[in-house]
Amino acid sequence: MGSEKQTADDIRWNLTEQLDWRVAERNDVAVAQALQRGEAVDAVHTLDEAGLLDGFFVFLKETGVMNHWSTFTIEAVKRVFLPSIFFLLLYGTRVLFGIESTNALPALLFSNVAVMTLVGFNAHQVAEGMTRRGAHLRTEASDYTLMDPQTLAETICKTSARELEHLFNGTIHCLAAFGVFVAEAMIAVDGTQVVTTESFQACGCLRVTKWKHNRQGLRIQTTELLFGWRLIALIDLVTLIPLAIKIVQIQRQESPYLLELVQQAQANLAPFSRIRWLVADRAYVDGPTLYALDRMGITFIVIAKSNMAARRTALALSVKAPLQRRVETVRHGHGRQAWTEEWVTCVQAATGIRSWPSYRPPVVQGRRLKWQDRPTLNAVVVSLWRNNQPSKDGPRVFLTNGSVENPWAILDGYDDRSWIENGLFRNSKQFWRLTRWFPEKTEAGVHSHLTFVTLILAVATAYRLWDKAQAGAVHQVWDHQIEATTYQLIAADTGEVTDVPAPCPPSTTHLASVLPSQPTAGVDSNPEPKPSLDVLAHSLLGGQGVLRWRRQLEQENRDKVIVFIDHQYGIFDTHELLVLSGVPVRTLPPHLGSREDILRRYGCHFAQAPGPPGPMPGDQSAIP
């Protein structure tokens, strides 16, 4: 079944729910004073039509992202009639609008005068186009505005992989320089399949074996071929912003690219932040790579595979270790139907593991590495996870090069790895259409689209966090219906049960923790309590997802208008526009204040207030 055809109303909804790019300069005071003087206005549009979020442009300028984007070039295009940044902004706006078809761009994007004016075009260019080339071939079958949509698609697809990497990595570096990330970051790495059809040029092919039941009820094995690419990403678990990405064919293994991604992410963050912790699943269990991370001073947490000798060693060593138990009292239901349940988790620690042969320094010919010289690992063995067995292969073993004195820090730290699937991949696929709308069925088309979507998601997330911090938002505690948590220590030899105090929060990103405020040098250590603006974390959003954020934007902008005068624009409430234009208004909303308050707000000269307006025709309330 084909998807329903999008309408202009659908695009307005998508735009008001997301962000907008702009090149025009905002100056409310100058525009307001021009309105009071009675100067001519170039255009007036409702803010709902363009779906603007004005502070985003301020954020781009303050972080230096817009300056970096101005250096974006497409070397493969020899003769261009526009700077490359315009193509970047147009394609980014397409992603933000949610326009699914390239052929729909003229009707749903290029003809939107308000948005195109903000990007940097004028009404004549929108109506007549950027060039008259091929004008005699145009028909009335489809409207022509600004440029042919295939021009945008073809130009974007000519961007080389090196240019895309420079664009993305430079943007993350600008965010790091602005202070978006904490000094020591905890990251997660994972990959997701981008499935296409076999008609895409240079796509990979992955053979997948599945089991299913046939009509007779018998369980049979089937083979399926998947075509496409794989997106591998490193994500900061505090902000949920991707720090580095790699695009490979779908059949490629992910582990060979881990060290390259970590080194690139370190370069993007330096010198303002650095990677301190990394969590990964079984796909990244590679001894030489993890040893290299250890040499870089990074603490990693991975799950041991079932056939590893290190796993068997950890199970054997954990038998003599005391059992640590955590009991979480969880509430369910509401009111009279409320009830509680206890979740029990049991773990044991093991240290001094040397039985992973590939976890070692590089082999030197003629020199044998003695057993006592092998690097050691530690492990946390989970025998019970919230009343359930962790896996069908028995206890789950987490390997780490860090301390296991507090095994809950290892277990809960790995639990945060789920954020990369829910906070990045699922979000980008559902709301940012990561796996759809490729401009061309080529490798370049896929690489360009995946890079642009990930780039815009990163900057949009950073802006949301910055905007919340500027508004004085505080970090929210995620209780997840957990009323109480107790910890116990059970001796391995005697079985004696001892209650122990709760350990310190395992990491700054764990669901049950709150980021502390970082003190600033030279500032009073005991100031009056104020909202902390120095740590940007996804806990600032208070659980607000993309859908609720979009509804909030629509509600905030529904009574506002945007006024263009030359290369400047201003955003005003509709009542403010009437007052600035000299139109008498009987009743003003309380939050705007009086007429004098509005004029004073924009530095306008006070004129003699007009007398009360006469009765409107048919107004019976004026008849005594």
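The values are calculated or read from the model by the stated rules, or taken from the named source; none is laboratory data. Note that the coordinates shown come from a computational prediction; the quantities given were computed from them, not determined experimentally. Note that we place each Cβ from the backbone using ideal geometry, even for glycine, and neighbour counts take in every protein chain shown. Each accessible area value is taken on the protein alone, full model and side chains, heavy atoms only, with ligands, DNA and RNA left out. Shrake-Rupley method; radii C 1.70, N 1.55, O 1.52, S 1.80 Å.
Across segment 247-262, rounded Karplus estimates of 3J(HN,Hα) from the backbone phi angles (6.51 cos²θ - 1.76 cosθ + 1.60, θ = phi - 60°) give 10, 10, 5, 5, 7, 6, 6, 8, 4, x, 9, 5, 5, 4, 5, 5 Hz, Gly and Pro being marked x.
Amide H contacts of residue 542: 476, each under 5 Å away and 5 or more positions distant or on a separate chain (H built 1.01 Å from N in the peptide plane; Pro and chain starts excluded). When 504, 205, 174 are compared by accessible area at a 1.4 angstrom probe, the order from most to least is 504, 205, 174. Candidate cross-link partners of residue 212 among the lysines, defined by an alpha-carbon separation under 26 Å and a same-chain spacing of 8 or more, comprise 305, 392. Site pair residue 58 and residue 490 shows an inter-label distance of 5.7 nm when each label is modelled 7 Å from Cα along Cα→Cβ.
With every protein chain kept in place and ligands, DNA and RNA left out, what is the accessible area per residue of segment 239-324? Probe 1.4 Å, answer in Å².
On the way: 3520 Å² over 86 residues.
Value returned for segment 239-324: 41 Å² of accessible area per residue.
Size descriptors for segment 304-407: radius of gyration and Dmax over Cα atoms are 18.6, 74 Å. Per residue, segment 325-395 exposes an accessible area of 64 Å² to a 1.4 Å probe, with every protein chain left in place. What the phi angles of segment 385-396 give under the Karplus curve with 6.51, -1.76 and 1.60, with θ = phi - 60°, is a coupling list of 10, 6, 6, 10, 6, x, 7, 6, 8, x, x, 9 Hz, glycine and proline written as x.
What the pair-distance distribution of segment 155-309 shows, using all Cα-Cα distances binned every 5 Å from zero, is 2, 8, 15, 17, 16, 15, 11, 8, 5, 3, 2, 1, 0 percent. For the listed residue pairs 158/560; 210/246; 78/429, the alpha carbons are over 31 angstrom apart in 158/560; 78/429. Per-residue 3J(HN,Hα) values for segment 151-160, derived from phi via the Karplus relation 6.51 cos²θ - 1.76 cosθ + 1.60 with θ = phi - 60°, read 4, 5, 4, 5, 5, 4, 6, 7, 5, 6 Hz in sequence order (x marks Gly and Pro).
What is the projected area of the convex hull of the Cα atoms of segment 408-494, averaged over all directions, in nm²?
Working: hull surface 41.1 nm².
Average projection, Cα convex hull of segment 408-494: 10.3 nm².
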